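Here's the structure we're looking at; comments come further down.
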Amino acid sequence: MGDTGTGLLSLASPHQRRELIRFSISFFVYSTQHPPRLNRRVTGVNDRWRFPREPYLGDLLGLSQLSRATGVDIDNELKIIDRLHIPQLQKILTGSIRKKPTQGSVPDVTLDCMGFQWELHQPQLFHSGTLTKLYIFALSQKNTDPLKELEKLLRAEPPKEQPQKTPVKKIAISLKINDPLVTKTAFATALKSLYTQDIEVHMEDVLGVLASANILQFPSLFKKCVSLMKDGISPCTIQTYYLAACKYKEELLITACEKWLEMNLVPLIGRQISLRTIPQELLQKVLKSHRLFTFSEFDLLKTALYWVYLQLNLKLQSVPIYETVLAFFNSFPKKCPFLERELGQKFLPVFHCLRLHGITKGKDLEDIKHINFFPETWIVRILANHYHALERGGDMFHVKDLSTQAIRFGLLINQEKKIYSEMIGVYGFFFEIKGIKHGSSSYSFYMQRIKYSDMNLPATVCERSPVSLRQERLVKYEIRAQSLVDGNWQEFSTNTLTQKFGLIKSTSKSHTLKIETVGNPIFVTFAFIFPVS
């Protein structure tokens, strides 16, 4: 009944338009209760297809004849406002009423809401499903035929000029709002949007305008707010935007918040006080994501430790150094690790999401062991897996799935340098992960095995590290790059590859991921496991 109904109304006579409006209202009252199933039935002298079970709604072209034949007042049926299919009725009304209030025109609807009397014009309020419903209900309560009033609005000819002294008969409607996000300023902005689509929504009011649009059932304004919020996600807004998206079941905004946090949890928000505001549900979902960016698995662990620390120290206004966090958890009695205490058990699901087996540096393992945070069974399992992997030449028998168990390392590419490089070591095998900028928007990424005797190895990589004498190492890996361009995330990947990495030039280098993007920064992840070989 959408566009077709609008076209019919523009061509129909006043009587036909009245019947179409009557059809729309009455049909949707009925259709919300019963599925459409036709059944032959005779009413008066008219033999038409009718719907079953409901004697008064169905073949609405013969509605007036049915009324005379049965003696039933059909207008009473129109008072069932709460069952109207308002969005379809709005399409008809807003599609047929093109006029805007002229300068100096007197408002004819008064909305009582939030302690204010808001003066509106009839044609504009039909953009709101809620106000349309309230308006029709108000007409029915005043013993006014809603169809006659709506048909007046659909007439093509302009209304006759009224004497200036004749007072305008205003329809009073009221709306009670219980949503705490709605402010008077935001609600005023939403009502102003009924008159023009070019209204500017300020970012400080966007949450309230979104809530107002939801209450008013104003889809175009709601979508506009969602678009603004997607572009405005930051460490300061991520919590409120995500909670609002969940409250109003806006999946696009939920996804945008999750994706933003997947990229920025470690490099951006992980060292800011805003980390405290991240809901645990959102944090766990992001930690489980295979798209999550991190510089290393240990960096991700430190971020999770900071998050717990900030949950327990709400008065802090700045993020302390990492040693302060370690000292805090070490201050608990040694007889029971933090995650087994009543205070820490609620945080267990967060640390179940981490890939602790991907932490292989000796110093990092010492922190895990002595922080007095993890259950002893966890530490034993981590160290035992490392021992067996080293004993078997690096084979990671304890991991199988690349997407959920791979060890991850990352590079954050911006416009500052042309070459980005990091040295990493796992189970005695050493690699260089590298990113090269070739032009304004052209990049390439790869990983390459290097010899332990290479003088370029930094002390932080080779210190206390074992050295493997194996000439070849089977590696299953994926190189993935992600960047944000015009509000949309671009993703590039080598997909899963398996390759033997040797020490000679022809076998030491991985497949190269080449991309073209104007996004800045670029989040590059190198994920790999050492399969049993």
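With R₀ fixed at 60 Å, the C-beta to C-beta distance from residue 184 to residue 499 puts the FRET efficiency at about 0.45.
Can you give me the % of accessible surface on region 261-408 that is carbon or sulfur? Probe 1.4 Å, all protein chains present, nothing else counted. Of the solvent-accessible surface of region 261-408, carbon and sulfur hold 55 percent.
What is the sum of charges, Lys and Arg at +1 and Asp and Glu at -1, for the other residues whose Cβ falls under 10 Å from the Cβ of residue 444?
With Lys, Arg at +1 and Asp, Glu at -1, the neighbours total +3.
Taking only the Cα atoms of region 312-391, the radius of gyration and Dmax are 13.9, 48 Å. Rolling a 1.4 Å probe over the protein heavy atoms of region 421-533, with every protein chain left in place, gives an accessible area that is 49 percent carbon and sulfur. Rounded to the nearest 0.05, what FRET efficiency do residue 440 and residue 314 have when you use their Cβ-Cβ distance and R0 = 56 Å? Plugging the Cβ-Cβ distance into 1/(1 + (r/R0)^6) gives 0.75. Hey, rough spin-label estimate for residue 384 and residue 108, points 7 angstrom out along Cα→Cβ, what's it come to in nanometres? For residue 384 paired with residue 108, the spin-label model returns 8.1 nm. For region 254-395, the gyration tensor built on C-alpha atoms gives an oblate shape. Its axis ratio a/c (a ≥ b ≥ c) is at least 1.5, and a/b is not larger than b/c.
Among the listed pairs 223/434; 288/476; 288/509, those whose Cα-Cα separation exceeds 32 Å are 223/434. In the context of the full protein assembly, residue 112 retains an accessible surface of approximately 70 Å², using a probe radius of 1.4 Å and ignoring ligands and nucleic acids.
Normalised by the number of residues in region 237-375, the mean separation of alpha-carbon contacts (under 8 Å, six or more apart) gives a relative contact order of 25 percent.
Taken along the Cα-to-beta-carbon direction at a fixed 7 Å, the label points for residue 340 and residue 364 span 2.5 nm. Annotation: per residue accessible area for region 290-415 equals 47 Å², rounded to a whole number [probe 1.4 Å, protein chains only].
The values are calculated or read from the model by the stated rules, or taken from the named source; none is laboratory data. Since we're looking at a predicted model, the values are computed, not measured. When we count neighbours, we look across all protein chains shown, and the Cβ atoms used for this are built from the backbone with ideal geometry, even at glycine. Remember, those area values only see protein heavy atoms, side chains included, never the ligands or the DNA or RNA. Shrake-Rupley method; radii C 1.70, N 1.55, O 1.52, S 1.80 Å.
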